[in-house]
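Everything on this sheet refers to the single structure shown next.
The values are calculated or read from the model by the stated rules, or taken from the named source; none is laboratory data. As the structure is a computational prediction, the values presented were derived from the model and not from experiment. Cβ: placed from backbone, ideal geometry, glycine included. Neighbour counts: every protein chain shown. Calculation scope for accessible area: heavy atoms of the full protein, side chains included, ligands and nucleic acids excluded. Shrake-Rupley method; radii C 1.70, N 1.55, O 1.52, S 1.80 Å.
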Amino acid sequence: MNHQELVDARWPLERAEAYMKPLGVIKGVNFIPSYCVSYIEMWIHFKEDVIRRELRFAKRFGFNSLRIFVAACEWESHREQVKKNLDTFLGWCSEMGFTVMLTLQPNTYLLPGSTLTSDEDPFVIDFKPGRHDGSWIYKDARIFDCDGKWVEDKEGIGRFVTDIVSCFAQDRRVTFWDLYNECHEGNVPLQEYVFSLAREVNPMQPLTACWRALDISDITTFHCYETPGVEKLDPDRPGIHDMNFDGEIARAKEPGRPMLCTECLARTFGNEMAGFLPVYRKEHIGFYVWGLCAGSAQYQFPWDWPIGSPLPKRWFHCVMYPDGTFYDDSEYELVQKFDFN
């Protein structure tokens, strides 16, 4: 499909609103188990006891939805294992009453001719204390450089997207398809290719992506780590987001569709629940904060935090310690009380 065909293929607004209404208010968390160095590890090192315990923690905190990731590289090397563990995980979520946003990461892909086998540990663990998500390098995988080179792996990426979407296209345990996480400008052709493949499968769930896909998404999703009330971005602050808080909200409202902020909570930057949840309540925006339990990925440290430095005065991400103790009791209260009334 070309771009205009993707625009025309969107669900009518009435269908999107009708789909969202019975789901109620989405109060979610990006779920990566505390033992994982990144989301890429979860489906290969699948520790059932830890995952189920932390799902109970999420339920107790008041979350009712989970955003999870599947990357092309792990599917390519451990295809059946990934799908088996994903199916098991979705069963647990259904039993516990969680809706699930399944996010695809098609731009991290094994090069053709890779020698990686399912018996090898694909993770290159290079632990650095205080480094946010710093150990997610996947053996023999390539991260696309926004230069169009994805075309040479187009068929492989297509198989990944079509397989995963087809497996769960009519599965009510998957609630949303987030087809591409943070698409940079140079990878828009890849994102639109992924949307085209998903439209061909025609899943029962809505399709969306957070960046550069507002006009081809059935529902609107966006990321916002900015500080409410701050007019200008800090030019020295690491990150790639291009608008302040009010700008992000205004952009999300433009399509006039149901809205979900799929990444938020960056306390060190001033992006606190006490600041953004009242706005989300007023604007009827569901949310997914980043990080449940602090752990191996070190999400409690900000991006580009100096290696070996102490924790910031306020954690960056995550709402719990690995034992389920709340980091901030006031945040628990905010999530429990969050609604659109």
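Things worth noting here:
- Once Rg and the Kirkwood radius are both taken over the C-alpha atoms of the chain, their ratio Rg/Rh works out to 0.93.
- For the range 329-341, the Karplus equation 6.51 cos²θ - 1.76 cosθ + 1.60, evaluated at θ = phi - 60°, returns couplings of 4, 5, 5, 4, 4, 5, 5, 4, 8, 5, 7, 10, 7 Hz by residue, with Gly and Pro reported as x.
- Amide hydrogen neighbours beyond the local backbone of R67, cut-off 5 Å, H modeled: V29, N30, F31, M101
- Estimated vicinal HN-Hα couplings, Hz - the range 85-91 in sequence order (Karplus 6.51, -1.76, 1.60; Gly, Pro = x): 5, 5, 4, 4, 4, 4, x
- Loop-located trypsin sites (Lys or Arg not before Pro) in the range 182-281, at most 13 other Cβ atoms within 10 Å (DSSP): K232
- Options S217, Y321, N85, ranked by Cα towards positive dipole end of the chain, top entry (Cβ charges): Y321
- Heavy-atom SASA rank of E263, E272 (probe 1.4 Å, accessible area, largest first): E272, E263
- Dipole magnitude for the range 242-341: about 120 debye, using +1 per Lys or Arg Cβ and -1 per Asp or Glu Cβ, origin at the Cα centre.
- When I307, I68 are compared by accessible area of protein heavy atoms, the largest-first order is I307, I68, using a 1.4 Å probe.
- Order by protection proxy (mean Cβ within 10 Å, highest first), peptides 327-337, 287-297: 287-297, 327-337
- For the range 1-74, the Kirkwood estimate of the hydrodynamic radius, built from every pair of different alpha carbons, is 15.2 Å.
- Amide H contacts of G295: Q300, each under 5 Å away and 5 or more positions distant or on a separate chain (H built 1.01 Å from N in the peptide plane; Pro and chain starts excluded).
- Farthest toward positive dipole pole in the chain [+1 Lys/Arg, -1 Asp/Glu at C-beta], among Y280, I51, Q336: Q336
- With all pairs of different C-alpha atoms in the average, the Kirkwood value for the hydrodynamic radius of the range 179-288 is 14.8 Å.
- Probe 1.4 Å - accessible area at K128, Å² to nearest ten: 70 Å²
- A 1.4 Å probe over all protein chains sorts F127, F338 by accessible area into F127, F338, starting with the largest.
- Listed residues L311, V70, V165: farthest to the positive end of the dipole of the chain (Cβ charges): L311
- Charge dipole of the chain (Cα centre as origin; +1 on each Lys and Arg Cβ, -1 on each Asp and Glu Cβ, all else neutral): 920 debye, rounded to the nearest 20.
- In this Cβ point-charge picture (+1 for Lys and Arg, -1 for Asp and Glu), the range 1-43 has a dipole of about 200 debye about its Cα centre.
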